Amino acid sequence: MIDRRMLLTGIAAAMTTAAAPAALAAPRRRFFERLRLPVGLQVYTLGEAPRADIDATFARLAAIGYRDLELPQLYGKTPAQLRAAADRAGLKISSFHLAVSTQPVADPASLMLNSEPQRIADGLGAMGAKAGVLPIAPFPPNMKLRDGENYMTMIPRAFAEAGADHWKRTAALLNERAALLRPLGVT
């Protein structure tokens, strides 16, 4: 004999079993979509392709599915031109590499960590970027290749020889520049 509870349990089990294939076949939202995060790319990985044709490069990145970019340089363009190219492709530039120069900034059109803070803020603002990124720690002074050495062995050796003081100076530089840039809206 079947009571009401058994009947309802059976119906629920049958409905669950019938719905399972549809639930499994339903399109799933991708990981970054579920987290509401854009899929981004550090554009330096593309070498010189962006310099050759920024519009085609950005269009291809958008077609692949990228939505967010971190730029390593201006590629001979103004910040406004880069923003326009990104806008045409439906991309967002969120960050920009601000390398450190040990020399005075020779190219007034470049954006470096030691550029004038308002100039950095204006350039990043024109691109729509909010963050400046130090792409690599400043190299220690007197870093030179030794006989039989390659760059992959020279870099860690030079940093090890420079010691903790080099890292303390780097931290002080970053803190100093952050204090100047933060009030201008740059992280």
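The values are calculated or read from the model by the stated rules, or taken from the named source; none is laboratory data. Predicted, not measured: the structure shown is a model, and the values here were computed from it. Note that we place each Cβ from the backbone using ideal geometry, even for glycine, and neighbour counts take in every protein chain shown. The accessibility values were calculated without ligands, DNA or RNA, using every heavy atom of the protein model including side chains. Shrake-Rupley method; radii C 1.70, N 1.55, O 1.52, S 1.80 Å.
Remarks
- In the range 65-187, a dipole from Cβ-located charges (positive for Lys and Arg, negative for Asp and Glu) runs towards its positive end, and of M143, A158, G90 it is G90 whose Cα lies farthest in that direction.
- Accessible solvent surface per residue of the range 84-187, calculated while the other protein chains remain in place, 1.4 angstrom probe, Å²: 59
- Here the range 120-181 has 60 percent of its accessible surface on carbon and sulfur atoms, given a 1.4 Å probe and all protein chains in place.
- Across the range 76-187 the C-alpha pair distances fall into 5 Å bins from zero in the proportions 2, 11, 18, 19, 16, 12, 11, 7, 3, 1 percent.
- Rg/Rg_ref, the range 50-132, where Rg_ref = 2.2 N^0.38 Å and atoms are Cα: 1.08
- Shown here for the range 106-187: trypsin sites (Lys or Arg not before Pro) in loop regions (DSSP other than H, G, I, E, B) with at most 11 other Cβ atoms within 10 Å, namely K144, R146.
- Given a 1.4 Å probe and the protein chains as shown, D165 ends up with an accessible area of around 90 Å².
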